[in-house]
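This report concerns only the one structure given below.
The values are calculated or read from the model by the stated rules, or taken from the named source; none is laboratory data. The shown structure was predicted, so the numbers you read here are calculated from the model rather than taken from an experiment. When we count neighbours, we look across all protein chains shown, and the Cβ atoms used for this are built from the backbone with ideal geometry, even at glycine. SASA here: full protein model, heavy atoms, side chains in, ligands and nucleic acids out. Shrake-Rupley method; radii C 1.70, N 1.55, O 1.52, S 1.80 Å.
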Amino acid sequence: MKRFQKINFLQRNGVTVPADADDAWLDGKLAGFESRVVDFRNGGGRLRAMFDKATDAPVELMIYGDIGDDPFNGGGFTAQDFADALKDIPSTRPLDIRINSAGGNVWDGLAIKTRIDQWQGRKTACIDGMAASVASWLPMSCDEIRAPRHAQMFIHDAWGMTMGNAAEHRSQADDLDKTSDQIAGM
């Protein structure tokens with residue numbers, strides 16, 4: 001975590017950071033927080049969950065990267081990675097979800113959305129940069145959505161690729177229509 005990220009995290013969690021605070025002081029304050037990092041495959045990023053162990057302050061969950069296994073570069077995080085990041089954290093705690101993602105795999109996105117839907121504590125989404133495609137569904141599970149003026153959401157109908165005969169293409173079109181209806185329902 002970079003210095004400015006440490007300072008921002010501490011300030012968001014009610015810690016007053018003195019102007020002359022050095023890295024050792026910041027690291028000492030952060031030691032009171034649980035930090036779980038799930039590394040994406042091929043170094044494509046991280047899914048980070050941080051929270052103050054001593055209080056019921058919100059769990060900060062950073063979703064920065066592609067959702068689901070990317071078949072082309074092997075990056076992305078799965079619904080299982082998401083579950084691992086929140087493992088053993090009581091679902092009654094508030095959850096602050098920070099999003100900067102271009103989206104990804106429909107099925108992993110639906111499973112992650114279900115986990116957020118089932119989270120019992122108050123949920124707040126902050127779109128730090130972009131919540132596109134599958135990532136645009138996640139804020140819909142939250143009680144509050146925040147986005148600075150420069151943030152973007154990109155919502156679209158389902159799409160995919162098919163190979164095969166006309167019957168296989170028609171079947172895929174029917175599946176895409178069904179998924180698009182589910183997206184519109186969210």
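Per-structure values
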| item | result |
| --- | --- |
| Test for ALA167: is it of a type outside the set (Ser, Thr, Tyr), loosely packed, with under 12 Cβ neighbours inside 10 Å, modelled with pLDDT under 90 and not in a loop (DSSP other than H, G, I, E, B) | no |
| Where ALA151 falls short, out of the listed (1) over 13 Å from the mean Cα position of the chain (by Cα); (2) open to solvent by 40 Å² or more (accessible area, probe 1.4 Å); (3) farther than 27 Å from PHE33 by Cα | (2) |
| Count - residues of region 129-142 that are under 16 Å from ASP108 (Cβ atoms) and either free of Cβ contacts under 8 Å to residues at least 12 places away in the same chain or crowded, with 21+ Cβ neighbours inside 10 Å (or both) | 7 |
| Conditions (1) open to solvent by 40 Å² or more (accessible area, probe 1.4 Å); (2) more than 15 Å from PRO58 (Cα to Cα); (3) in contact with a Lys or Arg (Cβ under 6 Å, 6 or more places away or on another chain): number failed by ASP181 | (3) |
| Region 58-93, residues that are crowded, with 21+ Cβ neighbours inside 10 Å and assigned to a loop (DSSP other than H, G, I, E, B) | ASP66, GLY68, GLY76, THR78 |
| Neighbours by Cβ (under 8 Å, 6+ apart or cross-chain): first from region 151-167, among the hydroxyl-bearing types (Ser, Thr, Tyr); second open to solvent by less than 90 Å² (accessible area, probe 1.4 Å) | THR162/HIS169; THR162/GLN172 |
| Considering residues of region 94-128 that are in a loop (DSSP other than H, G, I, E, B) and farther than 22 Å from ALA147 by Cα only, the residue least open to solvent (accessible area, probe 1.4 Å) | ASN105 |
| Residue check, ALA131 outside any loop (DSSP other than H, G, I, E, B) and in contact with a Cys (Cβ under 6 Å, 6 or more places away or on another chain) | no |
| Residue, most open to solvent (accessible area, probe 1.4 Å), within region 2-24, restricted to residues that are under 19 Å from LEU95 (Cβ atoms) and touching a residue at least 24 places away in the same chain (Cβ under 8 Å) | ARG12 |
| Residue, modelled with the lowest pLDDT, within region 14-57, restricted to residues that are part of a loop (DSSP other than H, G, I, E, B) and touching a helix residue (DSSP H, G or I) at 6+ places or on another chain (Cβ under 9 Å) | PHE40 |
